[in-house]
Amino acid sequence: MASAGGGPRGSVRPERHVQTGRGGNGGSSSTRTKSAPPKRPSSSSAKSSIDSDNAADAVRVRVAVRLRPKNNEDFIEDGDFTSCVELQPEAKKLRLKKNNWSSELYKFDEVFTEGASQRRVYEAVAKPVVESVLEGYNGTVMAYGQTGTGKTYTMGRLGKDDPSERGIMVRALEDILASISSLTDSVAISYLQLYLESLQDLLAPDKINIPIVEDPKSGDVSLPGAAVVELRDIDHFNELLQFGEANRYAANTNLNTESSRSHAILVVHVQRSVKVKDENEGASVVSSTDDLLAASNHVPIVLKSKLLIVDLAGSERIDKSGSVEGPMLEEAKFINLSLTSLGKCINALAEHSPYIPTRDSKLTRLLRDSFGGTARTSLIITIGPSARYYSETSSTILFGQRAMKIVNTVKLKEEVDYESLYKKLECQVDSLTSELERIQKIRQDEKAKIERKLRKQEDSLAETKRTFTTKCENLEKENNCMTMEIKKLMEELNDALDQNNLLSGRIVEMEMSLSQNKQQQLENSTYKKALSDSTQMYEDRIKALLEQVEKEQARCAYLELEMCGARQEVANNENSSKMQENSKVNELQKELHKLKEESRNEIQHLEAKNSELLSEKDLIYEELKSMQEKVMQEAKHRRSLEDEILKLKKALSENSAVQLERGTSMLRTTSGVGGGAIYLPRTGKSRDTIPNQKDTISKIFEEVGLSNILALLKSEDLDVQIHAVKVVANLAAEDINQEKIVEEGGLDALLSLLETSENTTIHRVTAGALANLAMNGSNQGLIMNKGGARLLANVANKNDDPQTLRMVAGAIANLCGNEKLHVKLKEDGGIKALVGMVRSGHADVISQIARGIANFAKCESRAISQGHRKGRSLLMDDGALKWMVTSPTTFSASTRRHIELAFCHLSQNEENTRDIITSGGIKELVRISQESTRDDIRILAKKALNSNPAFLREIQ
Ligand code: ADP
Ligand code: MG
């Protein structure tokens, strides 16, 4: 029951507001109360009965009326009377008949006839309140009526024998216990009796005067002295209820009272935990507590509600019971006090009186929340059918009617469960603290680890630095060694190249000697044939002579025969003229003797001739035999020469392979191309082999002496001159002789011979000798200084003999391999003469020209790269470039390689760019870069193309 001045009553619109306050158990808590949700608790039967009204009735005190069936007393006492009440359950109306002509019709929320089952009564009256309590609202279910009309039957029946008779208390607790979670929720009860304004604890009978405590702020009523027993299950409750009933009975027996005079109050405390997300609270949450809670996703909320089930004392007037004396009067006063107070409060609330006398009695204080308060309240009034109790029944009905007018403002009571929140936060703090400690420990360990690592790294860095320094020093040393080695290798390579050139020359010589050998062999066979022919002829002649001898002998015989005939004739004619005859005989005898003498002489002459011929034949046979031996020797020598050539070729190819392996970088540093000693070819019918020739020459050299040989160069006799120059030329092919030849004035003699002589052979052999001398670097300078290049150029321009040109080209080619002489060589017309010899078209000459130009280009390129020389190539004039670009591809492979190499070297020099482009050399360069048989030359060509932007532009 709301206290006086507690705000406007009868408001049908539930208000939503939040309250904070203090809980009953001393701890700090936040309590939120809010108005009932628009949705009513769902209960099928409840909906069909009480809930059928509009939403405004949702919080009105619900009142049902129950009529007790007639009992024996009624049948006996009221035998003549008809019932004073007439129920219209469908219309939920009750007609109270005062007498046969006067009656009143009353409407209730529910009207139960005498046949209504306990279950239906529970579901219509109490179940909506129970469900509301489970949702967190306070609730009250109360029975009011005259003694014996069935209040206790309706409320407190245990139904031990017949479960269908279970009353509201048992059914309510069954529903509550079935709905809550045993883990998070709890249900506890207190059971009290209010008698003569004294509250007795029926669960703890010793407690006989329990105080009622009201919270001054929230107005909550609590009974701190009463036992509150937490329920385990429904059996536990039944036991407690039975225990309470027994205590009530005992107390009433001791006090000599009746239970009908006392009020029985069952207080059910329901506590339910719900997790509410903070965001559900919306913007209205402003307290610091809520701010704190915002840290957690779920705020533990406890719904605390209270259900009061009250079985009131009988409402009949005391005087009717007939005992109005002594303590009974006192009792009647007090019983009346509580019930009267309740009636007054109900009246005041129904009439919207500004003053509600709640504080007048303990009952009204206890029920403060049930009428005009925040609880959902259902009242069942019980009436009997007997007309004898018309006035009690009437007053009960009026009480109910007034109570129906009371509107409560139900409020939800939510409390933040600080205890569990605290525990939860404490847990979180604990776990965070230990996590923090763990992390701190890990950090410390890691820091120590990193520090150790750092120290280690520093140590290893210092160590690395030391090693690095030592390594650097070692590398520097190694580098120096390598540089030296490279230098050495370069020198070796140059030597190898020189050797290579020498070998090439020798091969050419060998090849030539081979071809000559072949020619000689051919000559031998012709000679053999002539020999056999002459032998045949002599044999024929001998045969003819023999035939002639035979013929002469036959003639002799014939003459002897004739002589015999003549003798016969003489004998026959003896008789006729003996004298005559005798003289004739003498004559004849003389003639015969003469003839005989002649024949004998002739025979002797023929025989001498025959023997002469035979000895000549023997001689010829011997000569033939020695020729055959020589031929065999030649063949043998040829074979050995061929073997040597093969070996030399092999060595040359190996040398080339090595050269290739050393790569293009080495190629740039090589000192020259080809070049080698030239052995002069022997004249057609000379049968000397090269070693023989050399042997002969060395014999001449030893026996005659170099100075004498050189003196012969100035001989008047051309033949002597030719032979002397041949000997000098061949001597000049040997390295060891070159120095001596020059020392003893051989070079001067050769040069003057070249200048003065008009003889082609002299020119050829002298050029060969100069070519041999020009193989030596120091001689090259001397030759040039003494005007050798100019003289060679003159010879080249005057002659067309390929062998002479070959020698001259070879000599100039050797001079091309000395970069210091290039300028003079050009000035003296050496280059022009070299290129001019192209006109010969002879492969040997072309080969020497190509070698010379390659030598020149290579040395020039090297000088440019080393910085000794600058500017356009000296080969650019005199037609060398043009010849290189347009030279036919039919040249031998080595000639082509020399030309390609020379051209690639020229292309490396940027100063030659214009000449190369205008001569159409780009095409040739591209062709070389793709088609050259040599890798190093292709690389050189590509390098030239790629490094020269002008070339690249030309290609595009
Ligand atoms: P009250 O508590 O109001 O004094 P009780 O509950 O003690 O009345 O009821 C008196 C008697 O009437 C009891 O014997 C009870 O069994 C019986 N009684 C009351 N109401 C009914 C009912 N609806 N059906 C059957 N018996 C009833
Ligand atoms: Mg009773």
Q. In region 527-588, carbon and sulfur make up what percent of the accessible area (probe 1.4 Å)?
A. 53
Q) To the nearest µm²/s, what D does Stokes-Einstein give for region 735-872 at 25 °C and 0.890 mPa s, using the Kirkwood radius over alpha carbon pairs as Rh? A) 166
Q: Using only the Cα atoms of region 405-505, each taken as one equal point scatterer with no solvent, compute I(q) by the Debye sum, divide by I(0), and report log10 of the ratio at q = 0.10, 0.21 Å⁻¹.
A: -0.73, -1.08
Q: Could you tally the net charge around E435, taking each other residue with its Cβ under 13 Å from the Cβ of E435, Lys/Arg +1 and Asp/Glu -1?
A: +1
Q. Which aspartates and glutamates have a Cα less than 19 Å from the Cα of K630, not counting those fewer than 8 places away in the same chain?
A. E523, D618, E622, E642, D688, D695
Q: May I ask for the net charge around K617, where only other residues with Cβ less than 13 Å from the Cβ of K617 are counted and Lys, Arg are +1 while Asp, Glu are -1?
A: -3
Q. Which of the pairs K424/K447; K487/K820; K107/K217; K107/K151; K423/K449; K543/K596 have their Cα atoms more than 28 Å apart in this structure?
A. K424/K447; K107/K217; K423/K449
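Protein chains only, probe 1.4 Å: how do L202, L712 rank by accessible area, largest first?
Descending accessible area places them as L712, L202.
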Q: Please sort 863-871, 837-845 by packing, taking for each peptide the average over its residues of neighbouring beta carbons within 10 angstrom, highest first.
A: 837-845, 863-871
Q.
Looking at region 107-225, I'd like the Rg to Rh ratio, where Rg is from alpha-carbon atoms and Rh is Kirkwood's inverse mean 1/r.
A. 0.99
Q) Averaged per residue, what accessible area in Å² does region 695-854 show with a 1.4 Å probe, protein chains only? A) 39
Q: Could you size up the charge dipole of region 516-655 around its Cα centre, putting +1 on the beta carbon of Lys and Arg and -1 on that of Asp and Glu, and report it in debye to the nearest 20?
A: 680
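Given a cut-off of under 8 Å on Cα pairs at least six residues apart, what relative contact order in percent is computed for region 172-218?
20
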Q: Provide the gained length on full extension for the span D877 to T933, in nm with one decimal, where the gain is 0.36 nm per separating residue minus the Cα-Cα distance.
A: 17.4 nm
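Ordered by packing density, taken as the mean number of other Cβ atoms within 10 Å over each peptide's residues, highest first, how do 121-127, 495-501, 626-632 rank?
Ranked from most to least packed, the peptides come out as 121-127, 495-501, 626-632.
May I ask you to rank D161, D643, D74, D369 by accessible area, largest first, using a 1.4 Å probe over the protein chains only?
Solvent-accessible surface, decreasing: D161, D643, D369, D74.
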Q: Set the Förster radius R0 to 51 Å, insert the Cβ-Cβ distance between M563 and V720 as r into 1/(1 + (r/R0)^6), and round the FRET efficiency to 0.05.
A: 0.15
Q.
Which one, V187, V170, S198, is farthest towards the positive end of the dipole of region 161-246 when Lys and Arg carry +1 and Asp and Glu -1 on their Cβ?
A. S198
Q) Gain in length, A863 to E478, computed as 0.36 nm per residue apart minus the alpha-carbon separation, to one decimal in nm? A) 135.8 nm
Q | Size of region 705-785 as Cα extents on the principal axes (Å, biggest first) | A | 33, 25, 17
Q.
I'd like the FRET efficiency for D748 and Q519, computed as 1/(1 + (r/R0)^6) with the beta carbon distance as r and R0 of 35 Å, rounded to 0.05.
A. 0.45
(Q) Compute for region 837-956: radius of gyration divided by Kirkwood radius, i.e. Rg/Rh, restricted to C-alpha atoms, rounded to two decimals. (A) 0.94
Q: Let me know the Rg and Dmax you get for region 342-416 when you use only its Cα atoms, in Å.
A: 14.4, 55
Q.
Which residues does the label zone of S164 cover in region 104-132, counting backbone N under 15 Å from a point 7 Å along Cα→Cβ?
A. 114-122
Q.
Counting just the Cα atoms, what span does region 482-619 cover along each of its three principal axes? Round to the nearest Å and put the largest first.
A. 134, 18, 14
Q.
Could you tell me the ratio Rg/Rh of region 176-243? Both radii from Cα atoms, Rh via Kirkwood.
A. 1.03
Q.
Take R914 and V704, extend 7 Å from each Cα along the Cα→Cβ direction, and tell me the distance between the two endpoints in nm.
A. 5.6
Q: Quick one: grab Rg to one decimal and Dmax as a whole number for region 728-768, Cα atoms only, in Å.
A: 10.2, 30
**Q.** Computed log₁₀ I(q)/I(0) - Debye formula, equal Cα scatterers, no solvent, region 405-450, q 0.20, 0.25, 0.26 Å⁻¹
**A.** -0.75, -0.87, -0.90
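The values are calculated or read from the model by the stated rules, or taken from the named source; none is laboratory data. Note that the structure is predicted; figures quoted are calculated from it, not measured. No Cβ is skipped: glycine too gets one built from the backbone with ideal geometry, and neighbour counts run over all protein chains shown. With ligands, DNA and RNA removed, areas are computed over all heavy atoms of the protein, side chains included. Shrake-Rupley method; radii C 1.70, N 1.55, O 1.52, S 1.80 Å.
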